[in-house]
Amino acid sequence: MLRSMFAGVSGMRNHQIRLDAIGNNIANVNTVGYKCSRVTFQDTLSQTIRAATAPQRERGGMNAFQIGLGMSVASVDVLHTQGNLQMTGKTTDLAIEGDGYFILGGGTERFYTRAGMFTLERDGRLVYPSNGLLLMGWMADDEGRIDTNQPLAGITLPIGATIAPSATRNLTVTANLDAAINGSLTYEPSPFTVTDGTAEAQVTVTLIPTGRFNEWQYTLSVTGGTISGIDSGTITIDENGIISGGSDFQVAIDGGGTVDVTFPAGANNAFSVGGTAVSTGNFTPASAVTSTVEIYDSQGNVHLLTTIFRKTGDNEWVWETYTGGGAMVGDGTLRFNTHGQLIAATGGPIDFTPPGAAQITIQPDFSKITQYVGESSIDIDQDGYPMGYLDGFTIDKNGRVVGVFSNGLTKNLAQVAVATFNNPSGLERVGETMFRISSNSGPERVNPAGVGGSGSITPGALEMSNVDLSQEFTDMIVTQRGFQANSRIITTSDEMLQELVMLKR
């Protein structure tokens, strides 16, 4: 009877341990990054009253007679399952989706946690708020390169850091130059009067563009007379505005004589009679296509460069680049094939020396320029930038801390390290939702997030506790009943002992 009483005592004592674990789980239901515990039981040694016997001749074997001596705790397991993520919007809040732990450094000892509610302290270091331990990772060099083979260090943001200015070295032109662009030509007056002194006639010039650059089909018609000679043809205008291709003709005036008309006649492109202009050519060159871009010198000063594109012939253009002061600092030509694709670009580099700064030499890239019919459009990108101050930072899913500077540039500042273990359940709790390595957890494997089995990082979020309240309350009821049942064993055994003592009377 004492044996049954001791079995009941072991049941009560160990169910109390299970209830302690359940109570701790429920207490931490809202603890960030908390991992719940589970208690499992096992029976203890049994007392053998009779050993088992083997079959003999015509008698069968007999099983052993054993009485159990109670139960004990088999294990208290930490369940490292994924908790739900809660978005917070705070940049320094981090959550790991998948396997892995943040590494916290304090002197020579390291701790590990899933609770990523980090904060910035006065020196720009990311720390664990409850104890000031540093979030560990790798710092980037001055060029933003991160070497994950280097030793871990506390992540420190360079508050007040700057990016030095960089002079523009390349211009990339993305554009379409209107293939249909052309000059315009009219004659004033039109029609014009031709007279022999006694009678007169009116000559009308009709111009129709041929589709070629600065070329028109002309047709002559006369009112009050007739034309003898060539009355139609093709004329072109060169880059200096001089017409070529026209032919002289004669006008026989009704009721009068015949008048010789010269076409063209000198630099004014005029029809003339007897050396006197009777109708002048009014030519407007094809409009230029212009784009202005800001560039930077070695000290970060801004300069304006204006590039002008002028059509000079079928599928041929010239480009000229000027500073804000009007000095030409680069020029060249562009040639396109019959499909509007660039086949040759000459000229460059763009070269000038700003006051007090180093010489600027820029190589323009025209490989992204086309010539199709349609409105001309130009976009010029340059690779220089002024000095910039660190304005803020972001953290990506790989744990890279990226600095955002006032000049619009970004640069890697650091990368958060993530540790994984062969047996995470073997980690030892040390309080404050932290763990440390034990002899059964295995050594840490340190990688960036997303590498070597490490989970990805979700910035602006926290991992909540993985406690399942419905499961905990169910386990609490079962544990309570188990405790009550074992208490009944003790009271029943006590009553039986009381009856035994009463036999003496």
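Which FRET efficiency, nearest 0.05, do Thr206 and Leu79 yield, Cβ-Cβ r, R0 56 Å? The partial results should precede the final answer.
Values: r = 93 Å, r/R0 = 1.66.
FRET efficiency, Thr206 to Leu79: 0.05.
Considering Cα pairs under 8 angstrom that are at least six residues apart, work out the relative contact order of the stretch 382-454 and quote it in whole percent. Write out the running numbers ahead of the final one.
Working: 123 pairs, mean separation 18.0, N = 73.
Relative contact order for the stretch 382-454 comes out at 25 percent.
Taking every pair of alpha-carbon atoms in the stretch 401-505, give the share separated by more than 19 Å as a whole percent. Walk me through the intermediate numbers first.
Values: 3994 of 5460 pairs.
It works out to 73 percent of all Cα pairs.
Could you work out the equivalent-ellipsoid semi-axes for the stretch 119-217, taking the square root of 5 times each eigenvalue of the Cα gyration tensor, largest first, in whole Å?
Working: eigenvalues 1347, 46, 27 Å².
Output for the stretch 119-217: semi-axes of 82, 15, 12 Å.
When the alpha carbon gyration tensor of the stretch 184-284 is reduced to an equivalent ellipsoid, the three semi-axes, largest first, read 24, 13, 11 Å.
A cut-off of 5 Å between modelled amide H atoms, ignoring neighbours fewer than 5 places along the same chain, links Thr333 with Trp319, Thr346, Gly347.
Dividing the mean sequence gap of close Cα pairs (under 8 Å, 6+ apart) by how many residues the stretch 274-323 holds gives a relative contact order of 28 percent.
When Rg and the Kirkwood Rh are both derived from Cα coordinates, the Rg/Rh ratio for the stretch 265-359 amounts to 1.19. Short-range pairs are left out: with C-alpha atoms under 8 Å and at least six residues apart, the relative contact order of the chain is 22 percent. Local charge sum around Tyr296 (other residues, Cβ-Cβ under 11 Å, Lys/Arg +1, Asp/Glu -1)? Overall, the nearby charge balance is -2.
Charging the Cβ of each Asp and Glu at -1 and of each Lys and Arg at +1, and nothing else, the dipole of the chain about its Cα centre rounds to 4600 debye.
Annotation: peptides 470-478, 19-27, ranked by per-residue average of other Cβ atoms within 10 Å with the highest first, follow the order 19-27, 470-478. Extension gain, Gln471 to Phe6, is 164.4 nm, computed as 0.36 nm per intervening residue step minus the present C-alpha separation.
Across the chain, how many lysine pairs, 8 or more apart or on two chains, come within less than 23 Å at their alpha-carbon atoms? The partial results should precede the final answer.
On the way: Lys35/Lys90; Lys35/Lys397; Lys90/Lys397; Lys90/Lys411; Lys311/Lys368; Lys397/Lys411.
Within the chain, the lysine pair count is 6.
Taking 0.36 nm per residue of sequence separation and removing the Cα-Cα distance, the Thr276/Met328 pair yields an extension gain of 14.7 nm. Here the simple spin-label model places points 7 Å from the Cα toward Cβ, and for Ser190 and Thr346 these points are separated by 3.5 nm. Across all Cα pairs in the stretch 303-405, the calculated P(r) in 5 Å bins from zero up to the longest distance comes to 2, 9, 16, 18, 13, 10, 9, 8, 8, 4, 1, 0 percent per bin. Inter-label distance, Arg122 to Asn63: 7.4 nm, where each label sits 7 Å from its Cα along the C-beta direction. When the Cα positions of Thr333, Pro424, Val127 are compared along the charge dipole of the chain, Pro424 comes out farthest toward the positive end, with charges on each C-beta of Lys, Arg, Asp and Glu.
Largest first, the extents of the alpha carbon coordinates of the stretch 301-355 on the three principal axes equal 44, 16, 14 Å.
Hydrodynamic estimate: the Kirkwood radius of the chain over Cα pairs, inserted into Stokes-Einstein at 25 °C and 0.890 mPa s, corresponds to D of 75 µm²/s. Rounded to the nearest 0.05, the FRET efficiency derived from the C-beta distance between Gln250 and Thr312 at R0 = 41 Å is 0.70.
If you stretched the chain out fully between Ala180 and Arg145, how much longer would it get, using 0.36 nm times the residue separation minus the C-alpha to C-alpha distance? Intermediate results must be reported in sequence, preceding the final value.
Values: separation 35, 0.36 × 35 = 12.60 nm, distance 4.93 nm.
Roughly 7.7 nm would be gained on extension.
None of the figures in this text is laboratory data; all of them are computed from the coordinates on show. Since the model is a prediction, treat every value here as computed from it, not as a measurement. All Cβ positions, glycine included, derive from the backbone under ideal geometry; neighbour counts span all protein chains shown.
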